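Report on the structure given below.
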Amino acid sequence: MKTISVADLCELKKKSSVELIDVRTPVEFREVHVVGARNIPLDALDPKQIMSSRDSQSSEPIYVICKSGGRSAKGAQKFIDAGFSNVISVEGGTSAWDSAGYEVKRGKKAMSLERQVRILAGFLVLSGVVLSYVVHPYFVGLSAFIGAGLMFAGITDTCGMGMMLAKMPWNQVSSGTCAVTTRAT
């Protein structure tokens, strides 16, 4: 799979227009994103639909970005699996882009999905332990189930709890507009 550094992508954006797809959740995208990026969450990414809507640009590469590079690699792989090879994942993602001081749009601050997963997993493990002590020993199974789920998420790099939390109302963007500020280098 092809990758590009944020510095090289920034130079490329200065010379010509690039199609940049941000595969993070809408709330993450609203918080901060690269100017000119288009948000299509990873779970809604349909490479064939995107490629069919590209008129004269069909031979131009598509750049995929996320927060740090993991989801963009998965998004790029979706394109490759669908038969489109001219797709490039952005190394380091939006975090690296923002850290480099390149232009971003900022909106409403949000709690990251990763942080939400850690909070919920910790709460469920603690609840299982407390309930097993106070109510019935079988509640320790809740803690074991969450522990097994976290191991599975680490091994497969797929987080069911994160996917579920991404669908929650507080992680959705309303249809209204939000004020954003732009920071240039």
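Of all residues in segment 86-113, count the ones that are closer than 29 Å to LYS48 by Cα and of a type in the set (Asp, Glu).
Result for segment 86-113: 1.
Inside segment 38-85, can you point out the residues that are among the polar types (S, T, N, Q) and within 20 Å of the chain's Cα centre (by Cα)?
ASN39, GLN49, SER68, SER72, GLN77
Name the pairs: first residue in segment 132-158 and free of Cβ contacts under 8 Å to residues at least 40 places away in the same chain, second residue outside any helix (DSSP H, G or I) and loosely packed, with under 15 Cβ neighbours inside 10 Å, Cβ to Cβ under 9 Å, at least 6 apart or on different chains?
That search, which allows pairs on different chains as well, returns PHE152/THR158.
Could you check SER127 against (1) hydroxyl-bearing (Ser, Thr, Tyr); (2) more than 20 Å from LEU165 (Cβ to Cβ); (3) not assigned by TED's automatic domain parsing to the domain that holds GLN77 and say which number it fails?
(2)
Could you look through segment 155-179, keep only residues that are β-branched (Val, Ile, Thr) and surrounded by 10 or more Cβ atoms within 10 Å (Cβ to Cβ), and pick out the one that is modelled with the highest pLDDT?
THR158
Report, by residue number, each residue of segment 1-38 that is in contact with a Ser or Thr (Cβ under 8 Å, 6 or more places away or on another chain), part of a helix (DSSP H, G or I) and modelled with pLDDT of 90 or more.
None - no residue of segment 1-38 is in contact with a Ser or Thr (Cβ under 8 Å, 6 or more places away or on another chain), part of a helix (DSSP H, G or I) and modelled with pLDDT of 90 or more, so the list stays empty.
Could you list, in sequence order, all residues of segment 22-31 that are among the aliphatic types (A, V, I, L, M) and surrounded by fewer than 23 Cβ atoms within 10 Å (Cβ to Cβ)?
VAL27, the sole residue that qualifies.
Which residue, of ARG54, ARG38, is under 15 Å from ASN86 (Cβ atoms) and touching an Asp or Glu at 6+ places or on another chain (Cβ under 8 Å)? Steps first, please.
Values: ARG38 fails: under 15 Å from ASN86 (Cβ atoms).
Of the residues listed, the single one that is under 15 Å from ASN86 (Cβ atoms) and touching an Asp or Glu at 6+ places or on another chain (Cβ under 8 Å) is ARG54.
Of ILE40, ILE4, which residue is under 30 Å from MET164 (Cβ atoms) and either aliphatic (A, V, I, L, M) or in contact with a Cys (Cβ under 6 Å, 6 or more places away or on another chain) (or both)?
It is ILE40.
Note down all Cβ pairs under 8 Å where the first residue falls in segment 106-131 and is within 30 Å of VAL35 (Cβ to Cβ) and surrounded by fewer than 13 Cβ atoms within 10 Å (Cβ to Cβ), the second is aliphatic (A, V, I, L, M) and modelled with pLDDT of 95 or more, and they're at least six residues apart or on different chains.
No pair meets every condition.
Quick one: GLY101 ticks every box in (1) farther than 30 Å from LYS14 by Cα; (2) more than 19 Å from the chain's Cα centre (by Cα); (3) of a type in the set (Gly, Ala, Ser) bar one, so which box is it?
So GLY101 meets the others, but not (1).
Just need a number here: residues in segment 92-132 that are under 16 Å from VAL27 (Cα atoms) and either of a type in the set (Phe, Trp, Tyr) or not in a helix (DSSP H, G or I) (or both).
9
Does VAL35 count as under 12 Å from the mean Cα position of the chain (by Cα) and in contact (Cβ under 8 Å) with a residue 24 or more places away in the chain?
no
The values are calculated or read from the model by the stated rules, or taken from the named source; none is laboratory data. In this text the structure is predicted, and so the values were computed from the model without any measurement. Using ideal geometry, Cβ is built from the backbone for each residue, glycine included, and neighbour counts are taken over all protein chains shown.
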